[in-house]
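Here the structure comes first, spelled out in structure tokens, and everything after it is commentary.
The values are calculated or read from the model by the stated rules, or taken from the named source; none is laboratory data. For clarity, every value in this text was computed on a predicted model and none was experimentally measured. Cβ: placed from backbone, ideal geometry, glycine included. Neighbour counts: every protein chain shown.
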Amino acid sequence: MHEALRRHTHPTHLFLPDKVLFGLTVRQILFLLVGGTLAYWLWLRLGLVIPASWRSVGVGVRIVAALLPFVLCLVAAFASIASRPLELWGMVALQFAAQPKRAVWRAAHQTTGRSSSRSASVQSLLPIRRVLHDLVEVGTAHARAPEQYAAIIEVQTVNVSLLSPEEQQTLFTGFRAFLSALRFPVQILMSSRRIDLSSYVRRVREAIGESPSSGEETTTDPRGQPLPSRHRLARAHLEALATLEREQLLLERRLYLIVCSEREESRWPLARIFPASKRASHTELAQVRRALDLRVASLLDQLSEMGLEGIRLVGEDLLTLLDHSLRGDSARRTPLTLAHLVHPLPGAISPLSHTEQALSEEALLSVPPQEEEDEAEEEQDEEEMDLSTPSALDQLVPSVLLISSDHLRVGENYLAGSAVVGLPREVSDGVLLPLLALDEQMEVSLHVRPLATPNVLRRLMREQAQYRSTERITKQRGMLSDPDLSVARDDTEWLIPQLASGQERLLEVGMTIMARAASEVAVHASQQRIESTLHNGLLSAHPTTLEQFEAYGTTLPLGRANPSRPFTTTSSALSALLPFTSTTMMQPSGVFVGLTSSSEPVLLDPWGADMNNPHEFWGGISGSGKSFAIKVRIMHELLIRPDLQVVVIDPAGEYRAMIEAMGGDCIRIAPGSAQSINPFDLVPAGLDLSHYVQQQQGDRLAEKIQNLHNFLDILLATNAPSTPGIDLSEERGLLDDVLYEVYARAGVTTDPWTHGRPAPLLHDVAQVLRTHKKDKHALRLAQRLQRFLTGSLAGLFSRPTNVALTAPVLAFDLREVREGSELQPAGIFLISDFLWTQALSQRRPRRLYIDEAWSLIKYQEGGEFLERMAREMRKYYMSVVTITQNPEQFIMDAHGSVIAQNAFTKVLKRLDSIGAEAASAAFGLTPVEKQRLTRLERKKALLLVGSKRLIVEITANAEEYDLAHTDPPTHVEVLALPAAEKAVPGERGDALQESKEEDRPSVARTSKRAARSGSRHASPPPVVAASSQEAELQVQAGDQQADEVVPIDSDAQEKQLPLSAPVLREQEEPLSGATNTVSLHGKRTARTRSRHAKTGVARAAPVPALRAQADQHASNGQAITATTPGGAQ
């Protein structure tokens, strides 16, 4: 947060009890009177009971017996524990002793045949009755009527850390207005739950299918090295994700607003005895739904005024939230769907998994036998609940609920709660942000109840008079004034005018944080970290001892508050706890992009429901890592979407290895190339013409001729982009007639049935132009076209199309078309128009990546065409991704600005100051974001998706890195690493045994340098991050400096980890379940021993030999180091 953020005063002494006598409050005086009365009564009573013969000891007994109640009352009057009076603790202890300590799923309860006053069914304890389409019926299962109904809104949060101070203050001010406008209680629930990537893993495995046979042909790169297959890349991707999920706590943070509508009590005295009729129940439900609709609409409007979006949860989304809140980890493995609620499971099949069933039986078997009256009571309860078929509620509740004084066990999870009972005197904006950023599984629940201002004003004015009276009496007696009383008086006098003018609003707040973990030890450690974070923010927090079940109920998305631990504050002080912040960007059908700063995976789907359009804009200076990130993104897209086709316009020929590894084709666009595209094609070859005719709308021929005008403008224009098309301005009318005549000679007219005939060629245009012998413009155009017919560029644009767009990924290689010539924009235009033709004729998801798009839009005609594609291709299931290393020129161009701003997703890599300024003006970046852009590391990018803004770290595994990196191998050349036989977690924890890949040689050039001595302790990273360095392998010992180049022998018999791995390991050590990975920045290295190798050029020995050499020469203080292209170690 920034220094400009404000501080707010929290009235800590509001409603302070007045001291009426001897500095004592009314409560303390009552306790002392009760204690004194009991002591006096016992003194008298014991005097009558104790015999006269015991008078010697009777006085002592009477004194002790009389002092005992007085001392207890004295302690209760003045002592408190965790900001709570002792009498309230006594009530809590009684309530805890009376409630069941064990609750199991009711079918298991019946099967075991045991019951106890200490046990019950989970269904009878949890306050949920039914899940309707758009609301939840809250109340216990045995109640005759529900307590209330709840509707839930999911709020699309923002990344507060990237906002400017002014925008942050605007957001906090908006939240204050939101709180001031509340007219009904609201629950704000922030959920941080573990992400389950099993669905993503399942989608990848389904898209890839079965592994190919070992005899399948292997693709090699130009150096003759085998490229990893698509299946191998998929395994490496899944292994990296499995390692990431195993070594890091991946969290998904979401925020919800829960609003309730209380059920109106009937005035009929016998309404609680006799339930209402079905018609009356339906009428009541309709009234409740209308009331909730109004409240939800009001909240959505207030969120909109804050610049936030909210979505009301209905159907499966509502069920998913309740399922995760109630069943925890079980819901991640076996999620419920609406089908489970509409068609419950048969009675013979338990909806519990084997683990959950075992938990239920284990909990019941630990219960001691009970009295017969409890058995009769439990049997009566079971008779009321039909066990023949599990209900919807049965499938939604956890398998077991074990209640302890300091924690809960809910299903497979352990939970421990903490309650915030007060705020500091001065509350700074964003005081809750460190808590929300914690890497802990938890639910943070805020129950906000607005207090009626007229009632509060009357009470404050009454207390103000009492405080003044007390102070006056104190002064008359010459006594010192009570400082607490002075603060309470100041709070009251300050609040009264604020409340009366409407500038402030008093709110009753109950705040509970529920930590969640897999074991009792882990949950208590998590609870301590949470409370430590709260205490660092000066918030008063205490464990919810003896009230764990009640605290758990307040964190469920049901709107039920715990009235025993509230505190009262103002709307301005509570606004400092702004909870609407998160960096989560996970779309259910998305593709893995990278990780946020808080280790949240980013999954993006260009065609997602919340995406306005599928287009993207990528900008960054040369060397910022754009190509690396694009290649990794393409590989992930092709792995998870088998129906997707990706087309890349590659001006530098750097995508070839990745394209071939993914089973694609590279098409060379260059003079003399055997592959060609006819710009006059109306429809692709092999098209179902009858289907085309049925779907055809408008005049396709006229549209094609208009595109040909743009193509010829670019092809025949001068090389200066500032004067494109000038030479053809007088010939447009002539060209239009010629093009129509050319198509007519080929038998193609406006009739769609003729569009399947062979299209004319460019030499047909020249031939028709020559027939106009008296027209000098026609002869000049024919002469200028001759270069592309019989000259040096013959065949490039004048032959029939012999390229088929059938491969899943295609790259059009423009490397041999020089930058600055008229051929490069003409080639890009031709490819784009060819894809447009495909998209109009064959609907399938396509992604068109146009690298160095500036070379096209700098021509007027190219800019117009690309802008048109960006506007219209969304309707034809095509996503256009424009990439440029000149973002300032691109954005400042009239057409480029429209293309960039029209893209719903924008990815900005590192920019210089001019580019950052242009991006800030075009995309509305904050000063913080603009400053971050100029200092971004190569592995990071600023991701803008609508109003969502994140700093994302682009990650890749070693296999992907080998195919994606383009840095010149000045120091280290990293080749693909064979994947060892590993186990990959399946959808529900099952292991997938992968086949062992063939070993591939690794060659590396290493440079030794002197390094600091000392221990090295770190863990190998699970993924490869895009950065300026390629790899780092350090084995340090001593302070001397030397250099050596060691090519590793590819014929070595022993297996060796290549230099793409972060550490050297002994050959006999088994490989871990994760794929070998590289940290490009070299910030994380594994624990190594001191090793040394001989200087000079030599064949590298196997790893055990290297280790022996290192141990033998460690005393010399030398080190083996692999340096990066940038020279960093």
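On the basis of being closer than 30 Å to Ala240 by Cα, touching a helix residue (DSSP H, G or I) at 6+ places or on another chain (Cβ under 6 Å), at pLDDT below 90 and buried (at least 23 other Cβ atoms within 10 Å of the Cβ), does Ala976 make the cut?
yes
Taking region 763-812 as the region of interest, how many residues are over 25 Å from Thr837 (Cα atoms), surrounded by 21 or more Cβ atoms within 10 Å (Cβ to Cβ) and modelled with pLDDT under 85?
The number of residues fulfilling the criteria is 0.
For region 462-567, which fully contained helices (runs of 4 or more DSSP H) count at least 3 residues that are more than 30 Å from Ala150 (Cα to Cα)?
Values: elements: 483-501, 520-536, 548-554.
The helices (runs of 4 or more DSSP H) meeting that bar are 483-501, 520-536.
Name every residue in region 728-781 that is in a helix (DSSP H, G or I) and charged (D, E, K, R), in order of residue number.
Arg732, Asp736, Asp737, Glu741, Arg745, Asp764, Arg770, Lys776, Arg780
Checking the condition in the same structural domain as Ala894 (by TED's automatic domain parsing), surrounded by 20 or more Cβ atoms within 10 Å (Cβ to Cβ) and within 23 Å of Trp607 (Cβ to Cβ), which residue from Ser855, Ser832 passes?
After applying the criteria, what remains is Ser832.
How do the pairs read when you match residues in region 495-520 that are farther than 15 Å from Asn413 by Cβ with residues anywhere that are at pLDDT below 90 and part of a helix (DSSP H, G or I), using Cβ under 9 Å and keeping only pairs 6 or more apart or on different chains?
Ile496/Gln464
If I filter region 869-891 for residues that are at positive phi, assigned by TED's automatic domain parsing to the domain that holds Pro642 and among the small types (Gly, Ala, Ser), do I get at least one hit?
No, region 869-891 contains no residue that is at positive phi, assigned by TED's automatic domain parsing to the domain that holds Pro642 and among the small types (Gly, Ala, Ser).
Looking at region 140-170 only, could you name the residues that are closer than 24 Å to Leu294 by Cα and either in a loop (DSSP other than H, G, I, E, B) or under 29 Å from the mean Cα position of the chain (by Cα) (or both)?
Across region 140-170, the qualifying residues are Ala145, Pro146, Glu147, Ala150, Ala151, Ile152, Ile153, Glu154, Val155, Gln156, Thr157.
Of (1) under 20 Å from Ala903 (Cα atoms); (2) in a loop (DSSP other than H, G, I, E, B); (3) of a type outside the set (Ser, Thr, Tyr), Leu866 satisfies all except one. Which?
Of (1) under 20 Å from Ala903 (Cα atoms); (2) in a loop (DSSP other than H, G, I, E, B); (3) of a type outside the set (Ser, Thr, Tyr), only one is false for Leu866: (2).
Among the residues of region 931-950, which ones are among the charged types (D, E, K, R), buried (at least 22 other Cβ atoms within 10 Å of the Cβ) and not in a strand (DSSP E or B)?
Listed by number, the residues that qualify are Arg938, Lys939.
Within region 607-618, can you find the residues that are in contact (Cβ under 8 Å) with a residue 24 or more places away in the chain and either part of a strand (DSSP E or B) or surrounded by fewer than 24 Cβ atoms within 10 Å (Cβ to Cβ) (or both)?
Selection gives Trp607, Asp610, Met611, Asn612, Asn613, Pro614, Glu616, Phe617, Trp618.
Could you say whether any residue in region 412-430 is of a type in the set (Val, Ile, Thr) and in contact with a helix residue (DSSP H, G or I) (Cβ under 7 Å, 6 or more places away or on another chain)?
At the first step, the residues of region 412-430 found to be of a type in the set (Val, Ile, Thr) are 420-421, 427.
Applying the additional criterion that residues be in contact with a helix residue (DSSP H, G or I) (Cβ under 7 Å, 6 or more places away or on another chain) yields 420, 427.
Among the residues of region 412-430, at least one is of a type in the set (Val, Ile, Thr) and in contact with a helix residue (DSSP H, G or I) (Cβ under 7 Å, 6 or more places away or on another chain), which makes the answer yes.
Those residues that are part of a strand (DSSP E or B), at pLDDT 90 or above and buried (at least 21 other Cβ atoms within 10 Å of the Cβ), I need them from region 568-593; list them, please.
Thr569, Thr570, Val591, Phe592, Val593, listed by residue number.
Going by what's in this entry, would Asp751 be described as under 27 Å from Ser690 (Cβ atoms), charged (D, E, K, R) and not assigned by TED's automatic domain parsing to the domain that holds Thr884?
Yes.
Being over 30 Å from Asn413 (Cα atoms), surrounded by 16 or more Cβ atoms within 10 Å (Cβ to Cβ) and out of contact with any Phe, Trp or Tyr (no Cβ under 8 Å at 6 or more places or on another chain) is the requirement here; does Leu485 meet it? Walk me through how you get there before you give the answer.
Details: over 30 Å from Asn413 (Cα atoms): yes; surrounded by 16 or more Cβ atoms within 10 Å (Cβ to Cβ): yes; out of contact with any Phe, Trp or Tyr (no Cβ under 8 Å at 6 or more places or on another chain): no.
Against the criterion (over 30 Å from Asn413 (Cα atoms), surrounded by 16 or more Cβ atoms within 10 Å (Cβ to Cβ) and out of contact with any Phe, Trp or Tyr (no Cβ under 8 Å at 6 or more places or on another chain)), Leu485 does not qualify.
Please work out which residue is surrounded by the fewest Cβ atoms within 10 Å (Cβ to Cβ), limiting yourself to region 892-906 and to residues that are farther than 25 Å from Asp610 by Cβ and of a type in the set (A, V, I, L, M).
Ala894
How many of the residues in region 285-311 are assigned to a helix (DSSP H, G or I) and more than 20 Å from Ser180 (Cα to Cα)?
Matching residues across region 285-311 total 8.
Has region 916-929 got at least one residue that is at pLDDT below 90, surrounded by fewer than 22 Cβ atoms within 10 Å (Cβ to Cβ) and under 23 Å from Ser599 (Cα atoms)?
Yes, the conditions are met somewhere in region 916-929.
Could you go through region 348-360 and let me know if any residue there is at pLDDT 75 or above and either within 29 Å of Asn159 (Cβ to Cβ) or among the polar types (S, T, N, Q) (or both).
no
Looking at region 607-616, is at least one residue of a type in the set (A, V, I, L, M) and farther than 21 Å from Val809 by Cα?
yes
What are the pairs with Cβ atoms under 8 angstrom where one residue, in region 522-542, is free of Cβ contacts under 8 Å to residues at least 60 places away in the same chain and the other, located anywhere, is of a type outside the set (D, E, K, R)? Sequence gap at least six, or different chains.
Ala525/Ala517; His535/Ala541
Considering only region 312-333, state which residues are of a type in the set (Val, Ile, Thr), part of a helix (DSSP H, G or I) and either touching a residue at least 40 places away in the same chain (Cβ under 8 Å) or surrounded by 21 or more Cβ atoms within 10 Å (Cβ to Cβ) (or both).
none
Read through the list (1) over 29 Å from Lys626 (Cβ atoms); (2) among the hydrophobic types (A, V, I, L, M, F, W, C); (3) surrounded by 19 or more Cβ atoms within 10 Å (Cβ to Cβ); (4) at pLDDT 85 or above, then give the number of the only condition that Leu728 fails.
Condition (4) is where Leu728 drops out.
Does any residue of region 548-564 turn out to be without any contact (Cβ under 8 Å) to a residue 40 or more places away in the chain and more than 29 Å from the chain's Cα centre (by Cα)?
yes
State all residues of region 443-474 that are more than 21 Å from Asp18 (Cα to Cα) and β-branched (Val, Ile, Thr); if no residue qualifies, say none.
Val444, Val448, Thr453
Does Ser897 satisfy being in contact (Cβ under 8 Å) with a residue 40 or more places away in the chain and assigned by TED's automatic domain parsing to the domain that holds Lys930?
When the stated conditions are applied, Ser897 does not pass them.
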